[in-house]
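What follows is a single structure, written as structure tokens, with notes after it.
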Amino acid sequence: MVYLSRLRVILIGLALISMVFGASHAFASVPGAHILFRLDTDEVKGRRLEAMRDQIRTLLHDAEPRISYSGLAVSSLTVQLRIDDPGQVEAAKAALKAVVEPIAGKDGPVQEFALDDSERGLLKFAMTDAGAKYRTSEALTQSIEVIKNRLNELGVADPSVQLADDGLLVQAPGVADLHSLAQILARQGRLSFQLVDTSMPVDDAVNGQPPVGSTVLYTQNDPPVPYLVEDRVLVSGDSVLDAEATHDSSTEQFVVAFRLDSKGTQRFKWATTRNIGKPFAVILDDQVISAPIIREPIEHGTVQISGNFTAQSAKELALLFRTGALPARLTIVEEAR
């Protein structure tokens, strides 16, 4: 659970130091070890299209006068919508001008989206080949930085990370347990706090249709426990400044404590103030870690979470929070020596 009174980080001296730095002992010297990962480019493009859909919604919502539309959706590599009033089509195109403006790439401007308005009242924003290539390149660059940070945190000696088509080649000659290292490096590490949707029983959502704007997610338990969770993210892992695995002497549980930046702290305070009495979910990679009830506003940016962690799993979660999330899934293609 997440402790919703005054949240305290309990440091336990030498025991904590052992937990944080003990991982390096698992990676003893074996020459020639390497791992090949492939980036899920479909997820990269899908997330970009969803972000573009949300940007279009915001731009039209803020337009003056208000522009009425319907059918805003992602289809294949296109975001499309229909302008309800034919007389507002030109106003809509003007409001959405930023969507089709070139963006700055490493080798010059990139036309990421192209507008197709050939059908009356229907606007289609299609991702271009250049746009898809640019987003894939950006995701690979970000993945390299995250992987390097994780290797450094784990104390892996003399690693190298290189591009390999739509993937990454990690050379780690100092690693004996290559499979364990690959599993840690491949974890996406996407953390978010989202409200639990209590508008209907979760079993009804599992057996029927969840409400618009909510999704059924499951815990890691065996069997998994379902939760109906609102899609809106209250606070994301991007706001995490630092994280440590520790031990809570009051509950005898291993926990992960982390600090939020100023933006995340204010957002967390705002969300918990307005939702007292409601449950919210702590979600990692689309799985619910815990779902406590908000008892009072959380005004400080120090948060402590628990979820039946072992010392090792708490340490790995803290590492993921410190080093940031991968932009998309990495699939392990090869582990070899």
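The values are calculated or read from the model by the stated rules, or taken from the named source; none is laboratory data. This is a predicted model, so every value here is computed, not measured. Neighbour counts run over all protein chains shown; Cβ positions are idealised from the backbone, glycine included. Note: areas computed on protein heavy atoms with side chains; ligands, DNA, RNA excluded. Shrake-Rupley method; radii C 1.70, N 1.55, O 1.52, S 1.80 Å.
Just a few scattered comments:
- Meets criteria (part of a helix (DSSP H, G or I), in contact with a Leu (Cβ under 8 Å, 6 or more places away or on another chain) and of a type outside the set (K, R)) for A92: yes
- Inclusion of V216 among residues that are surrounded by fewer than 18 Cβ atoms within 10 Å (Cβ to Cβ) and free of Cβ contacts under 8 Å to residues at least 12 places away in the same chain is not warranted.
- The set of residues from the stretch 97-143 being open to solvent by 50 Å² or more (accessible area, probe 1.4 Å), modelled with pLDDT under 95 and hydrophobic (A, V, I, L, M, F, W, C) comprises A98, A104.
- Residues in the stretch 62-96 that are modelled with pLDDT of 95 or more, under 25 Å from T41 (Cα atoms) and open to solvent by 50 Å² or more (accessible area, probe 1.4 Å): V74, L77, Q80.
- When residues in the stretch 248-272 are screened for being part of a strand (DSSP E or B), surrounded by fewer than 21 Cβ atoms within 10 Å (Cβ to Cβ) and modelled with pLDDT under 90, 2 of them pass.
- Out of V233, V202, sole residue that is over 19 Å from the mean Cα position of the chain (by Cα) and among the β-branched types (V, I, T): V202
- Of all residues in the stretch 45-61, those being open to solvent by 60 Å² or more (accessible area, probe 1.4 Å), touching a residue at least 24 places away in the same chain (Cβ under 8 Å) and β-branched (V, I, T) number 0.
- Criterion applied to V196, V146 was being at pLDDT 95 or above and farther than 17 Å from A291 by Cα, and the one residue passing it is V146.
- Test for A205: is it buried (at least 18 other Cβ atoms within 10 Å of the Cβ), free of Cβ contacts under 8 Å to residues at least 24 places away in the same chain and aliphatic (A, V, I, L, M): yes
- Extreme residue, farthest from L319 (Cα to Cα), among residues of the stretch 258-289 that are within 18 Å of the chain's Cα centre (by Cα) and small (G, A, S): A281
- Sub-8 Å Cβ pairs linking a first residue in the stretch 62-78 that is of a type in the set (G, A, S) to a second residue that is open to solvent by 60 Å² or more (accessible area, probe 1.4 Å), at least 6 apart or interchain, are S68/D84; S68/D85; S70/R82; S70/D84; G71/R82; A73/R53, ordered by first then second residue.
- Spans of strands (runs of 3 or more DSSP E) in the stretch 103-170 with at least 2 residues over 17 Å from H34 (Cα atoms) and either of a type in the set (S, T, N, Q) or in contact with a helix residue (DSSP H, G or I) (Cβ under 6 Å, 6 or more places away or on another chain) (or both): 113-116
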